[in-house]
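So the structure is just underneath, and the comments pick up after that.
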Amino acid sequence: MAHIESGSRGGRRSNVDLNLVPFIDLMSVLITFLLISAVWTQVSMIQLGASFASPRLDETPVTPPPLESLVLRLDIKEGGYVLFVGKDVRSIPKVNGEYDRETLRDDLTKIKQMYPDKGGIKLAIEDKIIYDHVVAVMDIGLDTGFSPELLTGGPN
């Protein structure tokens, strides 16, 4: 604590004790903030220099992954499944009110045999579909060798 003595006109002196602990706390917080922000500024400058907007050193063309142009999409609708393989469309309707998961598994297995390098299947789901059906379809996709990717917006 700091001690300040001041004189007044009446000859009476007043003693004031200043508490410096809050000031020291404030300074320690400010110094810590300064050190942390200086480090993050340095890291962001490094990341900006290596961004995608910077010019490429080599002019080799980037080749897309194999079979990227082949669209493999499965729409989960209230009436059943609709499987899109490129431009081919296959409808798998419900059987006795239940989704025909075995037919879907067989179709996905055949597609995996025809296109073994194809890795992902895109899933479009209607809003009214129960989440358990989505999880079951994702499990079927994983079992047949595809990695399911959920699309937003639902099927067209």
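Using the Cα gyration tensor of the stretch 72-150, with a ≥ b ≥ c the square roots of its eigenvalues, what is the shape: rounded (a/c below 1.5), prolate (a/b larger than b/c) or oblate (neither)? Prolate, because a/c is 1.5 or more and a/b exceeds b/c. Computed extension length for V16-T109: 24.9 nm, one decimal, from 0.36 nm per residue of separation with the Cα-Cα distance subtracted. For L70, no residue has an amide H sitting under 5 Å from its own, ignoring neighbours fewer than 5 places away on the same chain, with H placed 1.01 Å from N.
Fully extending the segment from E102 to D139, taken as 0.36 nm per residue of separation minus the present Cα-Cα distance, adds 12.1 nm.
Placing dummy labels 7 Å off each Cα toward the beta-carbon, the span from T32 to K128 is 5.6 nm.
Values quoted throughout were computed directly from the atomic coordinates according to the rules given, and no laboratory measurement underlies them. Bear in mind the structure is a predicted one, so any value in this text is a computation, not a measurement. Here the Cβ is made from the backbone with ideal geometry for all residues, glycine too, and neighbour counts use every protein chain on show.
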